[in-house]
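One structure is given here, and the rest of the page talks about it.
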Amino acid sequence: MKVLITAGPTVEPIDPVRYLTNRSSGKMGYALAAAAAKRGHSVLLISGPTSLGIPEGIDFIPIESAADMYQAVESQIGRHDIAIFAAAVADYTPAQVADQKLKKMGEEMIITLKRTKDILGSARDIMGFKGRLVGFAAETENVENNARGKCLRKKCDLVVANDVSRKDIGFDSSENEVTLVYPDRSEALPQDSKEHLAYHLMEIIEEL
Ligand code: CTP
């Protein structure tokens, strides 16, 4: 099958030397891309900047901002059977990007932000994607309820939810513990390495 995966953070420029970003190492998305390739799928990874090596045997589109990621996904998703959105996309971006480096002025500084487009939330209704759609949800409370809301709102077949308030898993960690949230049920998986979990997730996603 043809699998599109988004991964990593997006970076939203404020001026030529500063940006806003999300905490994301990209490890989970890259592990999924490697696992999907290993399982014989044709993989396209669309990723924000990370320190990770690109897994072998996959197609790769590097992007910076949420707007770049939206464009890349919009132009590619129609060719794919499965789309997995593991990226930590910025929900807001500076309303204006300064051409020159901003100089210090008063004691406080206000930056106006505007909403970015929800890429996962546009996959069905705006991009017309008909394949299997998988989202991720990083939550600090009410993990399952919040993830189910996302699953239904964004018309996903599955949302992979994790509790990012836990220090021992998620973010920079090489391990993760997730709950699979489907439209009508959920299932907690045991803590595992991101590599092993990614392989298992691909098996589950193939069955959707
Ligand atoms: N996502 C996306 N585009 C965005 C924001 C999020 O594709 N602009 C995707 C992420 O890749 C992930 C899922 O949506 O798969 C996470 O959604 P999140 O931003 O947590 O959901 P929201 O519904 O915006 O909820 P919250 O109120 O928690 O921000």
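The values are calculated or read from the model by the stated rules, or taken from the named source; none is laboratory data. Note that this is a predicted model, so its numbers are computed, not measured. Ideal geometry is used to build each Cβ from the backbone, glycine not excepted, and the neighbour counts take in all protein chains shown. Heavy atoms of the whole protein, side chains included, go into the accessibility calculation; ligands, DNA and RNA do not. Shrake-Rupley method; radii C 1.70, N 1.55, O 1.52, S 1.80 Å.
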Checklist entry - If a residue has to be among the β-branched types (Val, Ile, Thr) and assigned to a loop (DSSP other than H, G, I, E, B) to count, how many in segment 164-201 make the cut? => result 2
Item to check | Subset of segment 14-25 (residues that are in contact (Cβ under 8 Å) with a residue 60 or more places away in the chain and either surrounded by 20 or more Cβ atoms within 10 Å (Cβ to Cβ) or part of a strand (DSSP E or B) (or both)) | outcome: ILE14, ASP15, ARG18, LEU20, THR21, SER24, SER25
Checklist entry - Of all the residues that make up segment 116-141, how many are aliphatic (A, V, I, L, M) and either more than 10 Å from the ligand (Cβ to nearest atom) or more than 17 Å from ASP81 (Cβ to Cβ) (or both)? => result 5
Next on the checklist: Need the failing condition index for PHE60 against (1) farther than 30 Å from LEU189 by Cα; (2) more than 11 Å from the ligand (Cβ to nearest atom), just the number.
Outcome noted: (1)
Checklist outcome for this item: Restricting segment 128-157 to residues that are modelled with pLDDT of 95 or more, among the charged types (D, E, K, R) and under 17 Å from the mean Cα position of the chain (by Cα), the one most open to solvent (accessible area, probe 1.4 Å) turns out to be ARG153
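Quick one: which strands (runs of 3 or more DSSP E) lie wholly within segment 36-135 and hold at least 1 residues that are in contact with a helix residue (DSSP H, G or I) (Cβ under 9 Å, 6 or more places away or on another chain)?
The qualifying strands (runs of 3 or more DSSP E) are 42-47, 59-62, 82-85, 92-94.
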Checklist entry - Would you pick out the residues in segment 136-152 that are within 22 Å of THR93 (Cα to Cα) and in a helix (DSSP H, G or I)? => result LYS150
Checklist entry - Which residues, taken from segment 158-202, are open to solvent by 40 Å² or more (accessible area, probe 1.4 Å), in contact with a Leu (Cβ under 8 Å, 6 or more places away or on another chain) and touching a residue at least 60 places away in the same chain (Cβ under 8 Å)? => result none
Checklist entry - Between a first residue in segment 1-13 that is open to solvent by 20 Å² or more (accessible area, probe 1.4 Å) and part of a loop (DSSP other than H, G, I, E, B) and a second residue that is among the polar types (S, T, N, Q) and at pLDDT 95 or above, which pairs have beta carbons less than 8 Å apart while being 6 or more apart in sequence or on different chains? => result MET1/SER42
Checklist entry - Of all residues in segment 33-62, how many are small (Gly, Ala, Ser), touching a residue at least 24 places away in the same chain (Cβ under 8 Å) and either surrounded by 18 or more Cβ atoms within 10 Å (Cβ to Cβ) or within 15 Å of GLU195 (Cβ to Cβ) (or both)? => result 6
